[in-house]
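The values are calculated or read from the model by the stated rules, or taken from the named source; none is laboratory data. If you're wondering where the values come from, they're calculated on a predicted model, not measured in any experiment. No Cβ is skipped: glycine too gets one built from the backbone with ideal geometry, and neighbour counts run over all protein chains shown.
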Amino acid sequence: MTTRINPNRPSKIAAAGLKRIVLTAPTNLQVPHQQKPVRTKKNLNASYLVIAHSERGTLCDHALQTIAAAAILADAETNVLALILGELTEDLANVGADQVMVMPELDFEHFQPELELANISALIESIQPLRIFIPDNHTGDGDLGRRLIAHQKTKTAVTQVVEMDVGHVATYQAGGTSIAQTALPEITLLVANTVDTHLPFTALAQRSNQAISNQLTSNSYQDLGMQTIAATEIALEEADFIVSAGNGVQNVATLESLAHTLEASIGASRVAVDDGKFSRDKQIGASGKTVSASAYLAIGISGAVQHLQGIKDCRHVIAINTDASAPMVKRADLSVIGDAEEIMSALITLIAEAKSANLKVAA
Ligand SMILES: Cc1cc2nc3c(=O)[nH]c(=O)nc-3n(C[C@H](O)[C@H](O)[C@H](O)COP(=O)(O)OP(=O)(O)OC[C@H]3O[C@@H](n4cnc5c(N)ncnc54)[C@H](O)[C@@H]3O)c2cc1C
């Protein structure tokens, strides 16, 4: 196993001289996808189990990294089984899942920790995984992982793991001033960005849906359901969809209309805020807010490093800009090169047409 020091990650040299490392697969990472070998084609009994919630059919990067971690650590005699709680519409072959088991009923939107725990414990009992890996996040998996650790009392476990290989795991101590390490445990709760998901191999990702048992002897929780609130009332840090304006946006009313049509929250660059177009609480970036939306629509924003800092955790970035060489265009997953006002107006019209066509179909 070769490990590499990621210079972008915080690292601390402890008394033992240990640094934070990123887990990477051993060989050349530039292998084209079609030519990648399959890690293991055997139908094996021994397995590493990875558990993660999906959201709207997909997994976040953190969950994908956790599957990749298991795939990198597993030997050729061990299957990587990804148990996905919630619907799944994406393929997990590229991140090394040999088998994919989906429990659609245990989705993210319902708070049912005891039902999750009962079903996962039953699965663990039946397949007896050698190790279990779970993303240590604040959106359900971290909580589930801790419940599982408490439930599986005899298993060794470490939370907040920031580095790992076959021989050890490590976690920060004393507010990040030192790092402690131990042998690879049976249950690992992994923090984000400790694993590179670019693997030199692929996997079969054989999929099965798993029916859950609704039998619970006791249930301490009553799920009162999700409360829907207007996107404009959601704090930017929590918003899932953000329409953000920069100096290239002249007409604030059009931007607000687009955000309203898309049911998105509104953000802005510092220049747009300094110009008085938006209030200070809308500013995103190094001296503003850090956001982690699934979709970030950056309109007329150049993508200065201070702004990019605030959107580093956004999943999909879409840029609208007249300048094809703007840093935001380079950062974006999708870019539309053109005038902000024209594109925003066209989008509002198209969305309105699509919505009315949908209403007609429904009627
Ligand atoms: C200490 C410090 C902290 C900072 N903190 C922050 C921060 O928290 N957040 C932040 O955003 N900035 C911050 N900045 C400022 C940052 O460096 C940039 O100046 C700022 O982000 C630029 O904002 P902008 O992209 O909206 O404007 P500009 O740099 O003026 O870019 C405008 C963009 O719009 C495009 N454009 C122009 N006309 C159109 C049109 N008609 N249609 C479509 N596109 C068009 C242009 O091609 C350009 O890419 C900070 C700076 C410093 C020094």
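Select, from GLN173, GLN128, the only residue that is more than 18 Å from LEU73 (Cβ to Cβ) and assigned by TED's automatic domain parsing to the domain that holds LEU59.
Values: GLN128 fails: more than 18 Å from LEU73 (Cβ to Cβ).
Among GLN173, GLN128, only GLN173 is more than 18 Å from LEU73 (Cβ to Cβ) and assigned by TED's automatic domain parsing to the domain that holds LEU59.
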Inspect all residues belonging to the range 203-218 and state whether any of them is more than 30 Å from ALA68 (Cβ to Cβ), hydrophobic (A, V, I, L, M, F, W, C) and within 16 Å of the ligand (Cβ to nearest atom).
no
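With respect to GLY288, determine if the residue is in the same structural domain as ALA354 (by TED's automatic domain parsing) and within 8 Å of the ligand (Cβ to nearest atom). Lay out the reasoning, then the answer.
Working: in the same structural domain as ALA354 (by TED's automatic domain parsing): yes; within 8 Å of the ligand (Cβ to nearest atom): yes.
So GLY288 passes the test.
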Quick one: VAL305 ticks every box in (1) more than 10 Å from the ligand (Cβ to nearest atom); (2) β-branched (Val, Ile, Thr); (3) more than 22 Å from the chain's Cα centre (by Cα) except a single one, so which number is it?
(1)
Quick one: count up the residues across the range 226-247 that are surrounded by 22 or more Cβ atoms within 10 Å (Cβ to Cβ), under 17 Å from ASN321 (Cα atoms) and not hydroxyl-bearing (Ser, Thr, Tyr).
4
Counting only residues that are within 9 Å of the ligand (Cβ to nearest atom), surrounded by fewer than 14 Cβ atoms within 10 Å (Cβ to Cβ) and either modelled with pLDDT under 95 or not charged (D, E, K, R) (or both), the range 338-363 contains a total of 1
Under 6 Å between Cβ atoms, at least 6 apart or on separate chains: pull out the pairs that start in the range 236-260 with a residue that is outside the structural domain of ALA298 (by TED's automatic domain parsing) and modelled with pLDDT under 95 and end on any residue that is of a type outside the set (Val, Ile, Thr) and in a helix (DSSP H, G or I).
none
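Counting only residues that are within 6 Å of the ligand (Cβ to nearest atom) and either of a type outside the set (Gly, Ala, Ser) or free of Cβ contacts under 8 Å to residues at least 24 places away in the same chain (or both), how many does the range 291-302 have? So that I can check it myself, show each step before the final result.
Let us first name the residues in the range 291-302 that are within 6 Å of the ligand (Cβ to nearest atom), namely 300-302.
Within this subset, residues satisfying the condition of being either of a type outside the set (Gly, Ala, Ser) or free of Cβ contacts under 8 Å to residues at least 24 places away in the same chain (or both) are 301.
The total comes to 1.
Kindly indicate whether PHE278 is away from the ligand (no atom under 14 Å from the Cβ) and not charged (D, E, K, R). Spell out how you get there, then give the answer.
Working: away from the ligand (no atom under 14 Å from the Cβ): no; not charged (D, E, K, R): yes.
No, not satisfied.
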Checking ASP313 against (1) farther than 21 Å from ILE343 by Cα; (2) within 11 Å of the ligand (Cβ to nearest atom); (3) surrounded by fewer than 17 Cβ atoms within 10 Å (Cβ to Cβ), only one condition comes out false. Which one?
(2)
Taking first residues from the range 303-325 that are assigned by TED's automatic domain parsing to the domain that holds GLU237 and among the basic types (Lys, Arg) and second residues anywhere that are more than 9 Å from the ligand (Cβ to nearest atom) and assigned to a helix (DSSP H, G or I), the pairs with Cβ under 9 Å that are 6 or more apart or on different chains are ARG315/ASP61
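Against the condition of a type outside the set (Phe, Trp, Tyr), surrounded by fewer than 21 Cβ atoms within 10 Å (Cβ to Cβ) and outside the structural domain of ILE51 (by TED's automatic domain parsing), how does VAL191 come out, does it pass? Reasoning before the result, please.
Numbers: of a type outside the set (Phe, Trp, Tyr): yes; surrounded by fewer than 21 Cβ atoms within 10 Å (Cβ to Cβ): yes; outside the structural domain of ILE51 (by TED's automatic domain parsing): no.
Answer is no for this residue.
If I filter the range 242-257 for residues that are part of a strand (DSSP E or B) and within 11 Å of the ligand (Cβ to nearest atom), do I get at least one hit? So that I can check it myself, show each step before the final result.
The initial filter retains those residues of the range 242-257 that are part of a strand (DSSP E or B), namely 242-245.
With the extra rule that they be within 11 Å of the ligand (Cβ to nearest atom), the set shrinks to 244-245.
Scanning the range 242-257 turns up at least one residue that is part of a strand (DSSP E or B) and within 11 Å of the ligand (Cβ to nearest atom).
Evaluate the following for THR261: is it away from the ligand (no atom under 14 Å from the Cβ), buried (at least 17 other Cβ atoms within 10 Å of the Cβ) and assigned to a loop (DSSP other than H, G, I, E, B)? Walk me through how you get there before you give the answer.
On the way: away from the ligand (no atom under 14 Å from the Cβ): yes; buried (at least 17 other Cβ atoms within 10 Å of the Cβ): yes; assigned to a loop (DSSP other than H, G, I, E, B): no.
Judged against the criteria, THR261 is not a match.
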